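Only one structure is covered here, and it is reproduced in the block below.
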There are 12 protein chains.
Amino acid sequence: MSEHVYKSLELTGSSKSSSDDAIRRAIERASETVRNIKWFHVQDVRGHVEDGKIAHWQVTIKIGFTLE
Amino acid sequence: MSEHVYKSLELTGSSKSSSDDAIRRAIERASETVRNIKWFHVQDVRGHVEDGKIAHWQVTIKIGFTLE
Amino acid sequence: MSEHVYKSLELTGSSKSSSDDAIRRAIERASETVRNIKWFHVQDVRGHVEDGKIAHWQVTIKIGFTLE
Amino acid sequence: MSEHVYKSLELTGSSKSSSDDAIRRAIERASETVRNIKWFHVQDVRGHVEDGKIAHWQVTIKIGFTLE
Amino acid sequence: MSEHVYKSLELTGSSKSSSDDAIRRAIERASETVRNIKWFHVQDVRGHVEDGKIAHWQVTIKIGFTLE
Amino acid sequence: MSEHVYKSLELTGSSKSSSDDAIRRAIERASETVRNIKWFHVQDVRGHVEDGKIAHWQVTIKIGFTLE
Amino acid sequence: MSEHVYKSLELTGSSKSSSDDAIRRAIERASETVRNIKWFHVQDVRGHVEDGKIAHWQVTIKIGFTLE
Amino acid sequence: MSEHVYKSLELTGSSKSSSDDAIRRAIERASETVRNIKWFHVQDVRGHVEDGKIAHWQVTIKIGFTLE
Amino acid sequence: MSEHVYKSLELTGSSKSSSDDAIRRAIERASETVRNIKWFHVQDVRGHVEDGKIAHWQVTIKIGFTLE
Amino acid sequence: MSEHVYKSLELTGSSKSSSDDAIRRAIERASETVRNIKWFHVQDVRGHVEDGKIAHWQVTIKIGFTLE
Amino acid sequence: MSEHVYKSLELTGSSKSSSDDAIRRAIERASETVRNIKWFHVQDVRGHVEDGKIAHWQVTIKIGFTLE
Amino acid sequence: MSEHVYKSLELTGSSKSSSDDAIRRAIERASETVRNIKWFHVQDVRGHVEDGKIAHWQVTIKIGFTLE
């Protein structure tokens, strides 16, 4: 909360199980290469349908992290 | 992904249990009469409250399907 | 559904477990002091990230209740 | 308010007399072929002008109805 | 227009007769408990339909008043 | 409907009686100096409140006219 | 321009050649089954990329037609 | 890019051939009477349909020019 | 950042000197009666003009505070 | 606040020093030719960067004035 | 369409010839350094005007690609 | 203004003193690693409040730069 500068990235996670899980997957994948992720913000919730069932949830988020 | 034309419909599903379940119910009901549903896109998440508890989740989605 | 007047409030609930749970917590906290809550409407879904994991979900909702 | 699925349609009603009347006309015309209309939601209010007077009000609404 | 601070509230008025009347009812109800209401701003116009007719207009407004 | 070019202007009409009347007044005032007004499109509905009653409706519209 | 009621549908056309062509294809496909289409309104322009080239343009439009 | 003041106007161009051409026509018509047009910004793309074909493209733009 | 519930209020501050000062005034006035204000979020920046000069800046913000 | 009709114009002011100053410059330039400016409303805040510093602030506003 | 994570970037392409060409140029430039671009989504269409003619089209798009 | 391709990044600057200063800090920090920054565009103005005073301004901007 000091005078940092933050950068945002936009990511889309996907999951067979739930919308919350699609968000978790996007954050976990991002944290492999980005340190200091502080927050996420949901932009869009979509998904693919096959044979009348949800095949994948796709959730687009912004993540914010501190520039060191 | 070829040169198809897609049509969208707007539906609202409701569920006593969760927001994701309200989406699933809307898609399953639609697939009784609409073939070839390819995707959904969440527009709005609402719900009814009774006695300080969520009585129903109501989620409005667009669904898209191929015109054959 | 008669000729009532309704008032809306904006609240943000937080939860360690899920986005739906953050909504439930906001409504349950509000119903301690507000009677006659009739509906909620999701405005925004965010959260805090710590060590590459979601630490808290934060969901902003409007709730509506009857003015008696 | 049970676990129904609702469908929305977008209509534009027009009227020479008023914006409210254009809404009424769209709903009455729709109810000739759609049963179980439950609500409407105004999207857009426009109109045509002739000789410096409003010739027609045109109001676009969404209507929602229960899928049986 | 001096250096006052204003507060906004969001209300939904309903009326069997017209959209304008739903606004009037919300303002009159609010002025029973809020002094110094200065303005309103329409946010949303909706309504309930029964038997193919508009049963209630529901108009959501913000009202603004001076904090004394 | 031929290959004309149209210009839009933004106006706010006010009325003591109704929202529709505020629109009519804006169009009638504009047509004193602008010829060939073809359409209007409502942007915003507001108003002033005095002593718990609506003192003035204020409706902002765009009007479009043909450039000759 | 008389006191008709119009209905809107949302369609997505796709084309290998251009964004305008994707719109044309959606309208031509729709006019096989819908009479009296009067207008279209672009909602969204997207596309698929393969090997660094645009493979398909996808344009979502609303079309409006008279209810007879 | 110095300390100028710019003014914007909103125009709608129409064309039988393409959306880009409708923009060009609006700018060329405006430049007959407005000097120093610097930029345009697309607001809306619509059109008229006749007999299942696009009869006119109508594109609404803002143009900006320097106040001298 | 624990599992609190937050409430938002919408306020408009005004100032003769600057937009930032209008925000400060709204927050300082609110903190006379609301404890635990945590954040603000600018919604709208407006002002009144008299004799070709800015007479008052008016900035509408949301403020958020912890429900204890 | 009587039954006037107001007109809006969109202007962009620029300034080397601050965002507030860009607004002041747009209003002062407009008041050379427009009488009775009553209000402004900020639409957009942008700027040019040169050598890693802000070279100009550019703020787009709407101004409203009474049609006499 | 499996459980990938996608990343989005925002780019602005420019072209002397057409809006579609500005999009193509942005995608081709991006594909020099980004592999696996899957889609684009138009955000904004603008351009520069010189001597009453369009000098450059400028189209801002988001592109999405798979994180491997 | 030639046929370049531009890329945008989203950053949030923070400052104890003013909203304009938060923007300046974000741009200066970005220009340590990004060459050819040409413009910024304000997306969101927020801040933290402590003890009834603004502790930090937080301004989210997009910056655009030339891809060489």
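Before moving on, here are some points about what is shown:
- The protein assembly as shown - charge dipole about Cα centre, Lys and Arg +1 at Cβ, Asp and Glu -1, debye rounded to 20: 0 debye
- Summing Lys and Arg as +1 and Asp and Glu as -1 over all other residues whose Cβ lies under 15 Å from the Cβ of residue C:64 gives a net charge of +3.
- Debye intensity ratio I(q)/I(0), log10, the range C:11-50, q values 0.14, 0.16, 0.18 Å⁻¹ (C-alpha model): -0.32, -0.41, -0.51
- Rounded to the nearest 20 debye, the dipole magnitude of chain L is 40 debye, with +1 charges on Lys and Arg beta carbons, -1 on Asp and Glu beta carbons, and the Cα centre as origin.
- In this entry, chain L is assigned a mean projected area of 4.7 nm², taken as a quarter of its C-alpha convex hull surface.
- Relative contact order of chain K, pairs being alpha-carbon contacts under 8 Å that are 6 or more residues apart, as %: 45 percent
- Separation of alpha-carbon centers, the range F:5-32 and the range I:24-67, rounded to whole Å: 31 Å
- Of the trypsin sites (Lys or Arg not before Pro) found in the range J:1-44, those in coil by DSSP whose Cβ has at most 16 other Cβ atoms within 10 Å are J:16, J:35.
- Rounded FRET efficiency, nearest 0.05, which uses the C-beta distance separating residue B:24 from residue J:43 and R0 of 45 Å: 0.65
- Ignoring lysines fewer than eight residues from residue E:16 along the same chain, the ones with Cα atoms less than 18 angstrom from its Cα are D:38, E:53.
- Net +/- balance of residues flanking residue C:55 in space, Cβ distance below 11 Å, scoring K and R +1, D and E -1: 0
- An ellipsoid equivalent to the protein assembly as shown, defined through the eigenvalues of its Cα gyration tensor, has semi-axes of 34, 34, 34 Å when rounded to whole angstrom and sorted largest first.
- Neighbour net charge for residue C:24 - beta-carbon separation under 12 angstrom, K R +1, D E -1: -1
- In this simple spin-label approximation, residue A:68 and residue L:50 carry label points 7 Å from Cα along the Cα→Cβ vector, and these lie 2.4 nm apart.
- Helix G:19-30 axis, angle to chain G major axis (alpha carbon atoms, nearest 10°): 40 degrees
- Residue-averaged [θ]222 nm for chain L, counting only DSSP H segments that reach four residues, each worth -39500 (n - 2.57): -5500 deg cm²/dmol
Readers should treat all values here as calculations from the given coordinates under stated rules, not as data from a laboratory. Not measured: the values here are computed from a predicted model. Here the Cβ is made from the backbone with ideal geometry for all residues, glycine too, and neighbour counts use every protein chain on show.
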